[in-house]
Structures are given as structure tokens and as C-alpha cells.
1. Only one of (1) touching a Leu at 6+ places or on another chain (Cβ under 9 Å); (2) open to solvent by 30 Å² or more (accessible area, probe 1.4 Å) is not met by ILE34, so which one is it?
2. Give region 69-81 a look and list any residue that's within 17 Å of PRO111 (Cα to Cα) and either part of a loop (DSSP other than H, G, I, E, B) or open to solvent by 10 Å² or more (accessible area, probe 1.4 Å) (or both), or say none.
3. Quick check on SER86: is it within 26 Å of CYS106 (Cα to Cα) and without any contact (Cβ under 8 Å) to a residue 12 or more places away in the chain?
4. Inspect all residues belonging to region 104-113 and state whether any of them is more than 19 Å from GLY42 (Cα to Cα), part of a helix (DSSP H, G or I), in contact (Cβ under 8 Å) with a residue 12 or more places away in the chain and not hydroxyl-bearing (Ser, Thr, Tyr).
5. With the requirement that a residue be touching a helix residue (DSSP H, G or I) at 6+ places or on another chain (Cβ under 9 Å) and surrounded by fewer than 24 Cβ atoms within 10 Å (Cβ to Cβ), what does region 108-117 give you?
6. Could you tell me whether any residue of region 151-169 is within 12 Å of GLY53 (Cβ to Cβ), at pLDDT 95 or above and in a helix (DSSP H, G or I)?
7. Consider THR56 carefully, then state whether it is in contact with a Gly (Cβ under 6 Å, 6 or more places away or on another chain), closer than 29 Å to MET160 by Cα and buried (at least 17 other Cβ atoms within 10 Å of the Cβ).
8. Hey, among the residues in region 87-97 that are at pLDDT below 95 and part of a loop (DSSP other than H, G, I, E, B), which one's least open to solvent (accessible area, probe 1.4 Å)?
Amino acid sequence: MKVVEPNEKVAIKLKVNGKEYEEVVEPRRLLVHILRDLGFTGVHVGCDSSNCGACTVIMNGKSVKSCTLLAIEANGAEITTVEGLSSNGKLHPIQEGFWEKHGLQCGYCTPGMIMEAYFLLKENPNPTEEEIREGISGNLCRCTGYQNIVEAIKYASEKMKKQEIEKTT
């Protein structure tokens, strides 16, 4: 493996929300900052220490906090941000759930919370309330008290199950 000098820039490739990007970055540059520079401003910078989860994205199918990953560690990765969930102007069921069940107040944590919920429902499409609370425990919300967030995720789970049934009939 080649040693990269601190001032040396490195070319990386990312696939974000289905679109490919090539960037030249400093080795110390965090993924969260590259994503924001690319226009994905739903990826929020909250704590810079992985405590709050506002920067949560899905990378290669796993939930990650982009404020603790160097951009060069994501070279070749496929990343989904909150902007990549809606399709053809239609909200994803999780986004819709946050809207319908008032799962947000100030909205700062919301994109990261939605991405964590997305990962949770991919792993467990029918979670209990306890499993939802455990699943989002790495994402902090200072406004809502979490109850409406839990309700939003339950809503999304039900809607996604209905959509799956409709596909098969």
C-alpha cells in the first residue's frame, strides 16, 4: 500500500445516489465534507466525533457516520444520502413517515435519523418498538423526545410492507 504524504492529494471515485463522481482530495479530508461539497447538504455536520449521527449515510449497504471516515477510505464506495431516497418527486416511505407522524422539530438530526431508519428497516422490515429504539440509539435528537420518530419508523415499516404486498399481487 502506498504511503500518502499529508500535503499530497489523492484521486478518489464515489458513486453517490447512483451517480459517479471523481474527486481529488487531501488525505485528511472527511467524507462528510466531500459529500457536502458535492451538494449533498442533507448530510449534516453535528459533532465531528460520531456521537450525534447527523452525518449518517449508507455506504456499501452499511450505516456509517461520515464525519469519522476519511474520504479516501470511501474510494470506490457506493453511498446513499437522504437526497437519494426519494424517487420521481415522491418521498420514500420513511421520509413520508417523518412528515405524517411529525418525527421532526428543528430538523437537524432528521436526515441522519432517516438514514439510520432506512438501514434498520432494510435489516429488519418488521421491528418492534424496542428494536426501533435500539436501532436509532446512535443518533441523537435534542428536540422530539423520540416518540414521534419511533411512530414515523413504524409508519414506514407498515407502508413498505403494503408496497411489497402490492408488488406481488
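1. (2)
2. So in region 69-81, the residues within 17 Å of PRO111 (Cα to Cα) come out as 79-81.
Answer for region 69-81, where residues must be within 17 Å of PRO111 (Cα to Cα) and either part of a loop (DSSP other than H, G, I, E, B) or open to solvent by 10 Å² or more (accessible area, probe 1.4 Å) (or both): THR80, THR81.
3. Working: within 26 Å of CYS106 (Cα to Cα): yes; without any contact (Cβ under 8 Å) to a residue 12 or more places away in the chain: yes.
It is true that SER86 is within 26 Å of CYS106 (Cα to Cα) and without any contact (Cβ under 8 Å) to a residue 12 or more places away in the chain.
4. Initially, region 104-113 is screened for residues more than 19 Å from GLY42 (Cα to Cα), giving none.
So far as region 104-113 goes, no, none of its residues is more than 19 Å from GLY42 (Cα to Cα), part of a helix (DSSP H, G or I), in contact (Cβ under 8 Å) with a residue 12 or more places away in the chain and not hydroxyl-bearing (Ser, Thr, Tyr).
5. None - no residue of region 108-117 is touching a helix residue (DSSP H, G or I) at 6+ places or on another chain (Cβ under 9 Å) and surrounded by fewer than 24 Cβ atoms within 10 Å (Cβ to Cβ), so the list stays empty.
6. From region 151-169, those within 12 Å of GLY53 (Cβ to Cβ) are none; that's our starting set.
No, the conditions are met nowhere in region 151-169.
7. Numbers: in contact with a Gly (Cβ under 6 Å, 6 or more places away or on another chain): yes; closer than 29 Å to MET160 by Cα: yes; buried (at least 17 other Cβ atoms within 10 Å of the Cβ): yes.
Answer is yes for this residue.
8. GLY89
The values are calculated or read from the model by the stated rules, or taken from the named source; none is laboratory data. Every value quoted in this text rests on a predicted model; they were computed, and no experiment measured them. Here Cβ is always computed from backbone atoms with ideal geometry, including for glycine, and neighbour counts include all displayed protein chains. What goes into the accessible areas is simple: the full protein's heavy atoms, side chains included, and nothing from ligands, DNA or RNA. Shrake-Rupley method; radii C 1.70, N 1.55, O 1.52, S 1.80 Å.
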